[in-house]
């Protein structure tokens, strides 16, 4: 005979249990955590969720990512004339044939691949300028199928951003920009693009660093270990909300392949450029009209500055700053109400300011501060103004060797041989010492060096000057921007 106890009484009837020991509680917590992991459930981490899968995010944004194919007509030279022995019965035949061919233009089609993303339902697309530079035809392929011809709305070589437009009879899927300034080192990011022509491909990683300045004046690169390869250029870098916080642009690699150091131009820079390109078809940046350098501790002490900050004015040519009374030796401490940290900070703030606006600029002069009112000009117009002609430099040797590489200026013949668009300028690598660091880091004949030490180079003398400057500044290496088949990458070579 069984005795049944009501549930309400069972608790009271059960014998008392000793209190759980702390060790037992810890064991239970570990078991619960293991169970969650086994079930693939997301775990809450500091600052958000670490997803167990990225599939939902990929499905959400992939429709707005496009593959870009460009076609370019490249002029080519005819091959070398055959050597026919004098007196040969074929001599007259070859001479007549080659004379008929003389002067006839020859050309061929060159194709390049890249990526991009749609930013509005009416078909505006963002990509890299170097992806479409010099192209005769641009075609975009959508993830869901279909292909369209795109036209260029505007380009900005300084940030390597371009805006395209396709005409569609239906609304297109698009993605929005996010706040790159809110992104933190260690945050998850996802890159989608067309690496190595393989079509739509996804890679995931974290933000490795922020605020990288590698190429030009307005740079604000996000560094990531998400795999970025050739063909990813122009594609989006997403945060976990599906917002674009960067445009994948370049990689740092000794081999030309991804080693986990990729760079995406931050949305903080890109959005301003895109807005201007859509509105005007060109950029319109503010211009102050000064030459500046960073304030060092020695300079701050000698001038009596309380902290090492600001931008030291080294020259004031004719322009807005000169008209407002700025002088060489002034230290710009504040621009339009914002404190100036250094020269890079000042340049970006001036560029972001409205052309024609009158702003307050606080300068430190002779132990005190003064406020100047400066009406900003437009940088693009100032850079296009002719400068007084200087004495022509003496001609330099056709080729020069330094840092284990032999370089020469870019001639029309070399441009044709390398299929380079008209806008590309730099030094062509004609030989590389196989025992050099340059060879070990992947430099090869045919590469084009467009910048050294974040400054453009077009002559061998420019590169040698950058090397000397790096040595004088006590730096051990020089950063080169190298293009191969249109794709940029950075290579640092030792100068000591």
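None of the figures in this text is laboratory data; all of them are computed from the coordinates on show. This structure is a prediction, so every number in the text was calculated from the model and none was measured. Here Cβ is always computed from backbone atoms with ideal geometry, including for glycine, and neighbour counts include all displayed protein chains.
Just rank 190, 240, 326, fewest to most, by other beta-carbon atoms within 10 angstrom. Each step should come with its number before you reach the end.
Values: 190 20, 240 16, 326 23.
So the residues, fewest neighbours to most, are 240, 190, 326.
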So, in Å, what gap is there between the alpha-carbon centers of the stretch 425-465 and the stretch 330-367?
-> 35 Å
Rounded, prolate or oblate: which fits the stretch 286-379, taking a ≥ b ≥ c as square roots of the Cα gyration tensor eigenvalues, rounded meaning a/c under 1.5, else prolate when a/b beats b/c?
-> prolate
Theoretical FRET efficiency, 1/(1+(r/R0)^6), r = Cβ-Cβ of residue 185 and residue 323, R0 35 Å, to 0.05 = 0.25
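With a 10 Å Cβ neighbour count serving as the proxy for reagent exposure, in which order, fewest first, do 222, 161 appear? Write down the numbers at each step before the final one.
Numbers: 222 28, 161 25.
Going from least to most buried by this count: 161, 222.
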Two pseudo-spin positions, 7 Å from Cα along C-beta at residue 445 and at residue 375, lie apart in nanometres by 5.8 nm
The rounded separation in angstrom of the Cα centers of the stretch 144-185 and the stretch 192-249 is 14 Å
